[in-house]
Amino acid sequence: MLRSVTLGAMTQTDTRRRILDVALASFLADGYEQTTIAAIRKRSGTSNGALFHHFPSKEAIAAALHVEALASFQQGLWDLVSRKPESLRAAVRAVLDHQLTWTERNADLARFIYARGHLDWDTTAGAELAARNRDLAAAFRQWMAPLVASGEIRPRPMLLTTAIVSGPAHSIAQRWLAGHLDRPLTSFLDELTAAACAGLSGTPAGAGAAGTAGDSQAAGPAAAGPRRPVPARGRVTLELLADDGSVVARGQATAPLGP
């Protein structure tokens with residue numbers, strides 16, 4: 001009886017895997033909108049009953065691929081945060097190395113994720129992914145805390161930190177996946193690491209004027225001039241340049257200022 005149950009479970013797992021693999025290939029070859037669930041069923045060699053047992057719709061298949069891909073990617077990040085970072089550069093390099101390596105090894109899944117964009121957060125899959133993202137973000141804040149405490153990283157919202165580290169890498173990855181770059185994606189690791197470290201540890205714009213504030217106030221209101229508004233949001237732009245000065249990739253993010 002146990003053997004029969006085990007074989008049945010394996011068959012269901014294999015069927016689900018085959019549906020997902022065929023769907024991914026179809027989405028990339030024909031486009032998501034042009035791919036029908038009937039085509040997926042035919043190409044995967046499954047019956048209507050078997051397909052709908054696993055997935056009620058094409059959207060559900062795409063959502064499962066999306067969650068599966070990001071869960072695979074995030075597992076490598078969980079492995080990273082389980083170890084204390086040795087330094088800012090080591091931490092940033094490890095994150096980017098994982099991002100670039102995962103993309104090279106899972107190019108089709110990466111193409112699908114970039115093409116599909118974000119999940120609908122109101123769906124079951126979207127809620128699952130949102131919960132995964134929250135848990136990982138909390139773990140990263142704790143992982144980065146010693147670097148923030150030592151002053152190696154400026155305190156900032158996690159959204160902005162993520163954009164500084166991963167934004168330019170996403171830009172380069174999309175060009176690489178499209179076949180526009182003739183060098184390995186991981187060959188950009190050193191340049192991306194240096195740019196991200198500079199962004200994370202940089203001094204905020206206008207900070208250099210802080211030391212003269214007392215002098216301006218001492219000279220009186222007339223000398224100090226009108227008070228400048230306190231910034232509520234910040235925008236960071238990072239550019240990677242080729243040897244000839246041309247822009248290879250550009251990333252930009254805007255986020256609220258504050259801890």
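Readers should treat all values here as calculations from the given coordinates under stated rules, not as data from a laboratory. Please read these numbers as outputs of a predicted model, since none were measured by experiment. FYI the Cβ positions are ideal-geometry reconstructions off the backbone, even for glycines, and counts take in every protein chain you see.
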Separation in nanometres of the label points that stand 7 Å from Cα toward Cβ, at Ser187 and Glu128: 3.8
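Subtract the Cα-Cα distance of Asp30 and Ser72 from 0.36 nm times their separation in residues, and report this length gain in nm to one decimal.
Values: separation 42, 0.36 × 42 = 15.12 nm, distance 2.46 nm.
Length gained, Asp30 through Ser72: 12.7 nm.
Going by average Cβ neighbours within 10 Å, how do the peptides 55-65, 129-139 rank, with the highest at the top? Kindly include the intermediate steps, with their values, before the conclusion.
Numbers: 55-65: 17.8, 129-139: 13.5.
Top of the packing list down: 55-65, 129-139.
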With r defined as the distance between the Cβ atoms of Lys42 and Arg116 and R0 fixed at 22 Å, what FRET efficiency is calculated, to the nearest 0.05? 0.45
What spacing in nm lies between the two simple spin-label points modelled at Asp79 and Arg17, each 7 Å away from Cα in the Cβ direction? 1.9
Starting from the Cα of His180, step 7 Å toward the Cβ, then list every residue of the range 109-135 with an amide N under 16 Å from that point. 111, 114-115
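State whether the range 63-142 is rounded, prolate or oblate according to the following rule on the C-alpha gyration tensor (a ≥ b ≥ c being the square roots of its eigenvalues): a/c under 1.5 gives rounded; otherwise a/b larger than b/c gives prolate, and the remaining case gives oblate.
Oblate, since a/c reaches 1.5 and b/c is not below a/b.
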